[in-house]
Amino acid sequence: MIALRATNLTKQYGNKTVVNNLNLEITSGSIFGFLGQNGAGKSTFINMITGLVRPTSGTFEILGAAGNSLDDVRTRIGVLPDYSTFYENFTALDHLKYFSKVLGLKLTTEELKKVLRDVQLEEAMNTKTKNYSFGMKKKLGIAQALINKPDILFLDEPTSGVDANSILGIHSLIRKVAAEGTTIFLTSHNLDEVEKLCTEIAIMNKGSIQTKGTMSELRSQHQKSITVYVKHEMIDSETQQKLTIELSKLVKVLSISATHSEFIVQNESAIPELNKYLVMQQVNVYRLEVEEASLEEIFLNLGVEVRTA
Amino acid sequence: MLAITLREFKSLFQSIRAIIIIVVLFGVTVGSAKLVSQFKSELSGLGLGDNAYVIGLMLLLFLAAPLFVTSISHSSVNKEMESKTIRFLATKTSRENIIFGKFLGNISFWVLCLSIALLLIVPFSKSFYFVDLIQSIIFVSYFIGLSLFLSTVVNNSSLTMFAGIVLSIALPVIGMWSLLSKNVAIDAISYLTPYFYYTHANTSYTYFVLIHTVVFVMLSLIIFKRRDL
């Protein structure tokens, strides 16, 4: 089932095209990561999909409702928008009470406190938000997006400005919410975060999606080479020399030692061939490890600027 | 919508402004009632009613309500746009609910202030002027609609404060001027102010002012729906 579908979605500010004919489909239940450098159009896309910004052209559908009927599904959507602030004289609990009423929900104080507990904000729930740090505000932003137990949750940079300990808490919360069946759409600069959390990833550059898929699909599409480490039985120097010559015809040999060898292959199909060859040469393989490309490498291969956490 | 209405109402009513407005409405109405009772026949000829207390209240509203209303309602939308708190609301409810909620919150505040002021006058006047209360509310609704419109069109709350002050001075002046002027342009503009309708011999004309209020609110909604937040 499709949770979100965007068709030729475009946003222009004057002559500047921020999102350009973007087409995207997100399957229900997935954790979808939207990556891209600053100004790539990630936030503008979320803002269009959540009704904060009007698309210049194109259409979208969310939870089966067309973009112009977004009000019909608002109670099923949770949003942590970018650049948002809170009512200074409200506490975290006041905010959740107010927002739950705006959504038309009748939640008890206990239920709201539980949401604050989930984002590790329970201790500060009666503190006015004007006294909150940036990270605390971010957590409250996540809490307000979760009060309606949404079917689809949009998180725009959920961990930026948050301390390392809290990031782990937010990650586990995202996983928990996803496990309960919520589709999650998150944007991030943090490649490690996206790689760890997301089941599907799209890389956006200059308003368009440059590539999209699961991590393994992205690797197979964009990984230029694969490093293979082999732990094998003890071999003598003559065999080492022979293997170096013979295997050089098949793969790039980095090193062959008595018990370990290291190769670079161009694609995954060369790995079983390498293994087969070693077995044919009566070299017993104990362990074969493949070093997969990280998202950072894929980014680099795509020529997109990288910023790691 | 009800949640937004209540929050708007509470934020206005919990401030010192509510007490000041009630005290001013009550004090000036009672004080001016004593004064206007000397010119009762002249003022009632201008459509200001025939009760000294009502005349006092309406005079105060004619002259000061624009300033009162615009000073407290000029930033009801753009302040939230400046602070970006509107982004949370807009992802949780429709834009209609936001605009109508803000309008209803403001009007509720004024209904309460005017009602309390008129109730405080009862021991002096020995009666409660219900029809005059409705007419006062309609008069005030014009300026609430106008403030909401300004607040939706103009992003900067300082600018809407300034525009509100200018309009608070200009509208009563134009309204009163049109009563005496034979100038066609001034006459035409007077139809856009509430003063024309409130100074007409036929008091039912005052209800036409509601059309202006509705137009302001609908324009605010149309503009707000087209805005990127």
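A few comments on the model shown:
- Strands (runs of 3 or more DSSP E) fully within the stretch A:1-83 counting 2 or more residues that are surrounded by 21 or more Cβ atoms within 10 Å (Cβ to Cβ) and among the β-branched types (Val, Ile, Thr): A:16-27, A:77-80
- The condition (being in contact with a Ser or Thr (Cβ under 9 Å, 6 or more places away or on another chain) and either free of Cβ contacts under 8 Å to residues at least 24 places away in the same chain or closer than 30 Å to residue A:19 by Cα (or both)) is satisfied by just one residue among A:265, A:230, A:253: A:253.
- Filtered residues of the stretch B:203-226 (kept if without any contact (Cβ under 8 Å) to a residue 12 or more places away in the chain and within 14 Å of chain A (Cβ to nearest Cβ)): B:222, B:226
- With respect to the stated conditions, residue A:141 fails to be on the phi > 0 side of the Ramachandran plot and within 11 Å of chain B (Cβ to nearest Cβ).
- Residues in the stretch A:155-175 that are touching a residue at least 40 places away in the same chain (Cβ under 8 Å) and more than 15 Å from the chain's Cα centre (by Cα): 2 in all.
- Cβ separations smaller than 9 Å between residues 6+ apart or across chains give the following pairs from the stretch A:291-305 residues that are under 17 Å from residue A:209 (Cα atoms) to residues that are modelled with pLDDT of 75 or more and surrounded by fewer than 16 Cβ atoms within 10 Å (Cβ to Cβ): A:295/A:192; A:296/A:192; A:298/A:221; A:305/A:38.
- For the stretch A:99-112, filtering for residues that are at the interface with chain B (Cβ under 9 Å from one of its Cβ atoms) and either over 18 Å from residue A:136 (Cα atoms) or of a type outside the set (Phe, Trp, Tyr) (or both) leaves 5.
- The criterion of at least 3 residues that are more than 14 Å from chain A (Cβ to nearest Cβ) is met by the following helices (runs of 4 or more DSSP H) wholly inside the stretch B:78-176: B:95-125, B:130-153.
- With respect to the conditions (1) out of contact with any helix residue (DSSP H, G or I) (no Cβ under 9 Å at 6 or more places or on another chain); (2) modelled with pLDDT of 85 or more, residue B:41 lacks only one, and its number is (2).
- Near pairs, Cβ below 6 angstrom, 6+ apart or cross-chain, from the stretch A:38-65 (within 14 Å of chain B (Cβ to nearest Cβ)) to any residue that is hydroxyl-bearing (Ser, Thr, Tyr): A:50/B:91; A:56/A:10
- Counting only residues that are facing chain B (nearest Cβ under 9 Å) and at pLDDT 95 or above, the stretch A:81-96 holds 1 of them.
- Output for the stretch A:66-79, where each listed residue is at the interface with another protein chain (Cβ under 9 Å from one of its Cβ atoms) and either farther than 22 Å from residue A:113 by Cβ or touching a helix residue (DSSP H, G or I) at 6+ places or on another chain (Cβ under 6 Å) (or both): A:70, A:71, A:74, A:77, A:78, A:79
- Among the residues of the stretch B:193-213, the ones that are more than 13 Å from the chain's Cα centre (by Cα) and surrounded by 12 or more Cβ atoms within 10 Å (Cβ to Cβ) come to 10 in all.
To keep it simple, each residue is scored yes or no on (1) modelled with pLDDT of 95 or more; (2) among the β-branched types (Val, Ile, Thr).
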{"site": "A:10", "(1), (2)": "yes, yes"}
{"site": "A:21", "(1), (2)": "no, no"}
{"site": "A:25", "(1), (2)": "no, no"}
{"site": "A:39", "(1), (2)": "no, no"}
{"site": "A:44", "(1), (2)": "no, yes"}
{"site": "A:51", "(1), (2)": "no, no"}
{"site": "A:65", "(1), (2)": "no, no"}
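- Answer residue from the stretch B:1-40, given it is aromatic (Phe, Trp, Tyr) and away from every other protein chain (no Cβ under 14 Å) and is surrounded by the most Cβ atoms within 10 Å (Cβ to Cβ) among those: B:26
- Every condition in (1) surrounded by fewer than 18 Cβ atoms within 10 Å (Cβ to Cβ); (2) out of contact with any Phe, Trp or Tyr (no Cβ under 8 Å at 6 or more places or on another chain); (3) part of a loop (DSSP other than H, G, I, E, B) holds for residue A:250 except the one numbered (2).
The values are calculated or read from the model by the stated rules, or taken from the named source; none is laboratory data. What you are looking at is a predicted structure, and each value in this text was computed from that prediction instead of being measured. Because the Cβ atoms are built from the backbone with ideal geometry, glycine has one as well, and the counts that use them run over all protein chains shown.
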